[in-house]
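Every read-out reported here was derived from the displayed coordinates using simple, explicitly stated rules and does not represent laboratory data. Here the structure is a predicted model, which is why all the values come from computation and not from measurement. So basically every Cβ, Gly included, is an ideal-geometry build from the backbone, and we count neighbours across all protein chains shown.
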Ligand SMILES: [Zn+2]
């Protein structure tokens with residue numbers, strides 16, 4: 001593609017680094033941008049530049065937010081005794097869309113995946129255990145993805161919580177639940193529709 005101006009070539013390469021974008025889509029997006037008005041392009045660029053600078057992690061749930069604690073953790077109407085444990089911040093959007101969850105979240109930032117060298121220490125599991133130690137939480141909903149990594153992560157977290165419970169009688173009434181089946185196996189929660197996800201949440205079982 002050496003006949004293309006360097007800027008275009010580089011932008012195509014940039015797009016290709018995004019998930020799910022191959023060379024064809026990358027070219028299409030780049031050429032599409034050429035037709036956008038200059039001010040829109042500048043806004044787009046500015047948003048990308050400030051993306052990470054304006055975003056912090058909530059020190060309670062590790063959601064991405066512009067404030068710490070995040071709006072969900074600082075909302076007194078939310079039930080902080082129920083904590084939904086998820087892999088990625090984007091899944092919060094899916095749960096919020098169901099309108100069926102009034103608790104709070106804990107974002108692990110990934111799942112255990114030995115092939116990619118992601119062990120429990122790379123995830124926010126220790127932080128979750130610390131939250132549990134406060135004794136305020138009554139239910140932990142393990143809402144990791146219904147795939148191999150998600151299941152392995154749920155099993156690991158469950159074991160860690162059980163260890164904690166055996167050492168601390170104050171945690172006796174803490175329940176651990178897992179989303180009901182009915183979610184497509186091997187799928188990402190990110191892509192579940194809100195009705196399916198809402199049902200899976202309502203039908204959660206002791207784990
Ligand atoms: Zn938070």
| request: Over the alpha-carbon set of the stretch 6-51, work out the extent along each principal axis and list the three values in angstrom, largest first. | output: 26, 23, 18
| field | Compactness of the stretch 1-130 as Cα Rg over 2.2 N^0.38 Å, two decimals | value | 1.39
| message | Using only Cα atoms and rounding to the nearest 10 degrees, what angle (0 to 90) does helix 38-51 make with the longest principal axis of the chain? | response | 30 degrees
| query | Taking other Cβ within 10 Å of each residue's Cβ, how do 137, 86 sort, fewest first? | reply | 137, 86
| task | Quick one: angle between helix 148-167 and the longest Cα principal axis of the chain, in degrees between 0 and 90, rounded to 10, please. | result | 30 degrees
| note | Summing -39500 (n - 2.57) over every DSSP H run of at least 4 residues in the chain and dividing by its residue count gives a helix-only mean residue ellipticity at 222 nm, to the nearest 500 deg cm²/dmol, of -12500 deg cm²/dmol
| How do 39, 3 line up, fewest other C-beta atoms within 10 Å first? | 3, 39
| query | Taking only Cα atoms, what is the 0 to 90° angle, nearest 10, from helix 23-34's long axis to the longest principal axis of the chain? | reply | 70 degrees
| Residue exposure sequence - 188, 68, 121 - by fewest surrounding Cβ within 10 Å | 121, 68, 188
| query | For the stretch 58-206, what is the convex hull volume of the alpha-carbon atoms per residue, in Å³? | reply | 106 Å³
| task | Could you sort 92-101, 20-29 so that the peptide with the highest average Cβ count within 10 Å comes first and the rest follow in order? | result | 92-101, 20-29
